[in-house]
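Data first, discussion second: the structure below is written as structure tokens.
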């Protein structure tokens with residue numbers, strides 16, 4: 001029997017992300033989740049009274065709400081072993097890169113953050129474990145009234161009322177168990193405010209690094225883009241790999257004013273011991289637009305479904321995503337869209353690649369309310385199975401309650417098409433080049449939506465290598 | 001016992017699509033009349049067998065049919081499920097069909113349901129297809145207060161096939177709850193599920209369709225398509241088309257089109273002198289007609305056309 005050579009897709013080279021510094025933290029709470037720990041965090045953060053009460057109520061909810069009955073197993077996550085707050089070895093947030101402690105600075109240097117700031121960003125925030133260690137925004141951007149700071153500074157400063165008005169209003173702690181957990185122990189994250197009519201031509205970026213073993217990261221990102229404004233916000237995250245579970249249960253709340261646009265790009269590359277139980281949601285005003293660009297490469301288990309609530313007439317949502325699940329990964333990703341006003345539209349375009357026993361699940365929900373006359377929605381998801389030990393599931397749902405709507409959905413699942421390889425070869429490409437072209441093209445929907453530097457990073461992450469003949 | 005009571009892969013609870021409450025059927029099934037049907041090897045059932053279920057009269061509240069299609073045999077069964085008596089009758093009725101189609105056999109099950117609004121109807125079907133066996137199911141739903149329709153087709157055999165066409169036209173407060181599973185185990189097995197429906201008034205509907213590719217079903221292909229025409233803002237329409245894939249060498253696809261008629265079509269029809277209400281009525285009938293036209297028996301098609309449409313459509317169906 002002849003040996004069939006199959007298309008090979010290499011694992012992502014994680015060496016860039018796997019370095020770590022041991023126990024440099026200056027303070028951390030005990031493992032587990034109790035009222036005392038929540039109070040400890042609240043004291044550490046010098047919370048106002050309302051926030052302390054909010055944390056305690058969230059803890060009560062966390063204890064009442066059960067673990068989801070759907071989705072990947074999270075049996076390996078034991079909250080009794082998770083440290084929910086780790087303050088790195090620095091007393092405060094810095095606005096000068098030189099002032100950041102050496103080990104932390106080295107970490108972000110190796111991840112290329114300062115270089116990116118110099119080259120292509122309007123501002124940068126860097127979080128290390130539970131605290132933001134660096135935040136800076138270009139002077140000319142700040143001069144336009146743009147606020148980009150850590151959320152705790154905002155909570156204690158002139159934007160305190162705005163924070164209180166918006167904090168966990170889009171994602172209430174009642175939403176699910178890990179939203180409640182976030183409400184109880186959140187720490188760090190960014191606050192962005194873009195005033196009416198301001199158009200930021202270059203992006204802001206926050207980078208989240210979880211260095212501590214067995215820890216959780218619970219940053220909160222709150223972005224308010226006022227009417228007629230534009231912002232591109234980039235989020236990056238990574239962690240070194242440990243042999244115990246780490247947890248990420250962040251929360252992102254985006255408020256987009258009438259006729260404004262927010263592009264929210266994420267390159268997620270958590271280590272393969274990470275449980276990534278993140279919640280992201282956008283409230284979109286009249287003729288406004290949210291653009292989600294999402295690349296999911298890391299984590300042991302992911303539950304990630306950015307949600308768009310199209311609340312104003314003519315509001316739009318675009319979701320473009322690619323998910324790459326390799327050995328030991330169970331990535332459950334997708335999106336939710338609620339059409340809650342007339343003439344709203346949504347477009348979802350995703351790709352997933354499963355290899356080496358990795359499990360991919362695309363999960364979506366499109367809800368068209370009774371008042372969403374003229375709503376339009378199109379969902380397209382494609383999955384590529386690279387070998388016969390992996391798995392790929394597609395679980396979409398549509399709930400339509402308005403006759404005057406137009407909802408389309410299409411999904412495909414399969415392997416690299418022999419016919420396509422044959423066609424490309426007939427046009428002069430070698431077999432290997434043909435396969436490489438197909439696989440690169442498969443993930444192209446996301447990379448072409450990113451700024452060049454990030455597209456290059458994503459392509460490095462995918463690091464596809466093709467070899468052999470038709471499988 | 002009806003076991004196909006959940007979505008094969010659960011999703012968000014708030015969507016309320018994960019579970020189907022079939023507990024009420026257990027007691028009814030205990031008193032079911034059990035009917036055994038056998039189509040012997042080499043037998044070719046050219047003439048369809050009619051099984052009329054007149055619900056509400058002397059019929060038992062549950063009816064169970066076991067079909068055994070021997071190797072190479074083929075057969076067609078047509079079930080009309082209608083109310084026996086006045087429109088004020090109400091109750092629960094369970095119809096369960098189970099089949100085993102041996103190698104090379106084929107079995108076609110046609111069901112036309114036109115119960116009145118007082119009835120809760122549980123219509124369950126499950127079976128196994130061996131090598132080269134084909135199960136074809138054609139269903140038309142025109143009534144019933146609450147209707148559950150389930151299917152679990154175990155495509156065990158190599159080159160086994162499941163072909164399913166469903167047409168429904170529901171209005172009033174009709175509630176239609178569907179759960180279809182094509183379970184691919186056999187190499188080069190195939191499934192096609194095509195659902196076409198019309199909803200109006202306060203009707204509600206859930207369509208769950210699952211193509212499940214298990215490891216080892218290399219070369220399998222599965223496709224599901226749903227088209228729903230919505231006539232009122234008071235409807236509730238849910239569609240949950242799943243593809244579960246544990247095998248590399250397969251092709252799976254699903255598509256859904258939900259909403260109003262295409263504007264260009266309406267414009268064209270209007271230009272031919274047809275008003276909008278009439279256009280929608282015609283198109284609604286056309287959805288059912290397209291499924292009814294698949295019924296390989298003139299008498300049955302006539303009965304369907306009597307139920308759904310006027311003389312012009314009847315003439316079309318006869319052609």
Sum of -39500 (n - 2.57) over DSSP H runs of 4+, divided by residues of chain B (222 nm, nearest 500): -5000 deg cm²/dmol
In Å, descending, principal axis extents of the Cα set of the protein assembly as shown: 88, 64, 56
Computed FRET value (nearest 0.05) for residue B:50 with residue A:440, which takes r as the C-beta separation and R₀ as 51 Å: 0.30
Theoretical gain in end-to-end length, residue B:233 to residue B:299 [0.36 nm per residue, Cα-Cα removed]: 20.1 nm
Residue order, fewest to most beta carbons within 10 Å, for A:440, B:301: A:440, B:301
Whole-angstrom gap from the stretch B:209-247 to the stretch A:169-183, using each part's C-alpha centre: 31 Å
Relative contact order (%) - criterion: Cα under 8 Å, at least six apart; region: chain B: 11 percent
D (Stokes-Einstein, µm²/s), Kirkwood Cα radius, the stretch A:222-353, 0.692 mPa s at 37 °C: 218 µm²/s
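Sort the stretch B:13-259 into rounded, prolate or oblate with this rule: let a ≥ b ≥ c be the square roots of the eigenvalues of the Cα gyration tensor; rounded if a/c is under 1.5, and if a/c is not under 1.5, prolate when a/b is larger than b/c, oblate otherwise.
On the way: a/c = 1.96, a/b = 1.18, b/c = 1.67.
Judged from the Cα gyration tensor, the stretch B:13-259 comes out oblate (a/c at least 1.5, b/c at or above a/b).
With the contact rule set at Cα under 8 Å and sequence spacing of 6 or more, what percent relative contact order holds for the stretch B:167-275?
Numbers: 249 pairs, mean separation 29.6, N = 109.
Result for the stretch B:167-275 is 27 percent.
Starting from the coordinates of the alpha-carbon atoms of the stretch A:326-384, obtain the Kirkwood hydrodynamic radius over all distinct pairs and give the value in Å to one decimal. Could you put the intermediate results ahead of the total?
Numbers: mean 1/r = 0.0777 Å⁻¹.
The answer is 12.9 Å.
Going by how many other Cβ atoms sit within 10 Å of their own, how do A:289, B:54 line up, fewest first? The partial results should precede the final answer.
Details: A:289 22, B:54 13.
Fewest to most other Cβ atoms nearby, the residues stand as B:54, A:289.
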Estimated FRET transfer efficiency when R0 is 30 angstrom, pair residue A:36-residue A:73 (beta carbons, to 0.05): 0.50
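Taking each pair of distinct Cα atoms in the stretch B:159-226 once, what is the resulting Kirkwood hydrodynamic radius in Å? Could the numbers behind the result be given before it?
Working: mean 1/r = 0.0767 Å⁻¹.
Final number for the Kirkwood radius of the stretch B:159-226 is 13.0 Å.
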Shielding score for B:6-13, defined as the mean number of other chain Cβ atoms within 10 Å: 5
Average partner coverage of A:360-368, which counts Cβ from other chains inside 10 Å: 3
Inter-chain shielding of A:380-391 (mean C-beta neighbours from other protein chains, 10 Å cut-off): 3
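Within a 10 angstrom radius of the beta carbon, how do B:65, B:194 rank from fewest other beta carbons to most? Numbers along the way, then the final one.
Values: B:65 21, B:194 18.
In increasing order of surrounding Cβ atoms, one gets B:194, B:65.
Rounded, prolate or oblate: which one fits the stretch A:115-268, using the alpha carbon gyration tensor with axes a ≥ b ≥ c (rounded when a/c is under 1.5, else prolate when a/b beats b/c, else oblate)?
On the way: a/c = 1.91, a/b = 1.34, b/c = 1.43.
It comes out oblate by the Cα gyration axes.
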Considering only the protein assembly as shown, percent of DSSP beta bridges that pair antiparallel, nearest 5: 10 percent
Antiparallel content of DSSP bridges confined to the stretch A:27-304, in %, to 5: 20 percent
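By its C-alpha gyration tensor, with a ≥ b ≥ c as the square roots of the eigenvalues, how is the stretch A:27-304 shaped: rounded for a/c under 1.5, else prolate for a/b larger than b/c, else oblate?
Because its axes are fairly even, with a/c under 1.5, the stretch A:27-304 counts as rounded.
Assuming R0 = 22 Å, can you tell me the calculated FRET efficiency for the pair residue A:66 and residue B:3, based on Cβ-Cβ distance, to the nearest 0.05? Present the calculation step by step, with values, prior to reporting the outcome.
Working: r = 25 Å, r/R0 = 1.12.
That pair, residue A:66 with residue B:3, gives E of 0.35.
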Protection proxy ranking of B:252-264, A:48-60, A:401-413 - average other beta-carbon atoms within 10 Å, highest first: A:401-413, B:252-264, A:48-60
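Which order do peptides B:220-232, A:270-282 fall in by mean Cβ count within 10 Å, highest first? List each step's numbers first, then the result.
Values: B:220-232: 21.5, A:270-282: 23.7.
My ranking of the peptides, most packed first, is A:270-282, B:220-232.
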Inter-part distance where the stretch B:79-108 and the stretch A:257-287 are each reduced to a Cα centre, Å: 49 Å
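Taking the mean number of other Cβ atoms within 10 Å as a proxy for protection, how do you rank A:422-430, A:222-230 from highest to lowest?
Numbers: A:422-430: 11.8, A:222-230: 21.6.
Per-residue mean Cβ counts within 10 Å order the peptides as A:222-230, A:422-430.
No value in this document is a laboratory result; all are computed from the given coordinates. Note that the structure is predicted; figures quoted are calculated from it, not measured. We place every Cβ from the backbone using ideal geometry, glycine too, and count neighbours over all the protein chains shown.
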